[in-house]
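Contents: one structure, followed by commentary.
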Amino acid sequence: MLKHFRKFLEPDYKWKQLDITLTDAFEKVKAERMLIFSWLNYLRKKDSTNDKLQQQVQYALGRHEAELESLKNEIKELRADAQRVKISPFPNQVRTKSGLESEPVSEPKSGLNRRGGFVSRIVSMIRPQRKEYVMQKILELAEKGDYTTKQIETVIVREKGLCGRTAFYDYLKELKYKGLLKPWQKSGRKVLKTAQN
């Protein structure tokens, strides 16, 4: 029995036990330290990824804000233009380009703004007569009895620029309604001619 206790009393045994205990403790500390370092590396990478993502989000937000600002400015300009159109008794552009001296002549927007009231008054005086002028030109072409609706439209709208396409067809409808124009078959083609022919 004493043999067993003697073993504990020996100095080598104590040192061996201490060595084993310290080795285990250091192994645990080393493992904990490795774990902490791996977590630190992981968190550092996550932090770096989050920084990049945040920069991308901020860049995208900046772009969206700039686009929104641009759209807001565009809406303001369109509202201002719409307000000017509502206030003005005539549109800023007359659709005519050239022709007889009695015809209205278009001016660029800057010209209208520069000359102000004088041009505004002239255009507002001429505007009601433009419809009759265009209708007269349609009747003159139809009087020959050789032109289709499309050909007359080409001359009035595209070549002479007397009015827009929509206005042209409105005038045409009005002339037919008044009985001044009628469709006619000529050489297998549907042409327009005046009611007097």
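The values are calculated or read from the model by the stated rules, or taken from the named source; none is laboratory data. The structure presented is a predicted model; accordingly, all values stated were derived computationally and were not measured. In this analysis, Cβ positions are derived from the backbone assuming ideal geometry, glycine residues included, and neighbour counts consider all displayed protein chains. The accessibility values were calculated without ligands, DNA or RNA, using every heavy atom of the protein model including side chains. Shrake-Rupley method; radii C 1.70, N 1.55, O 1.52, S 1.80 Å.
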*Among K193, K144, what's the order by accessible area (1.4 angstrom probe), most exposed first?*
K144, K193
*Give the Rg (one decimal place) followed by the Dmax (whole number) of the range 18-90, computed from C-alpha coordinates and expressed in Å.*
31.1, 106
_Other-chain or far-sequence residues with amide H under 5 Å of V191's (modelled H)_ = W184, Q185, K186
*asked:* Leaving out ligands and nucleic acids, and using a 1.4 Å probe, what accessible area per residue does the range 153-197 come to in Å²?
replied: 63 Å²
*Put a dot 7 Å past each Cα toward the Cβ at L78 and Q58; how far apart are the dots in nm?*
3.3 nm
*Determine the alpha carbon to alpha carbon distance for each of K160/K190; K131/K182; K28/K52; K45/K72 and list only those over 31 Å.*
K28/K52; K45/K72
_Taking 0.36 nm per residue of sequence separation and subtracting the Cα-Cα distance, how much length would be gained by fully extending the chain between K16 and R189, in nm to one decimal?_
50.3 nm
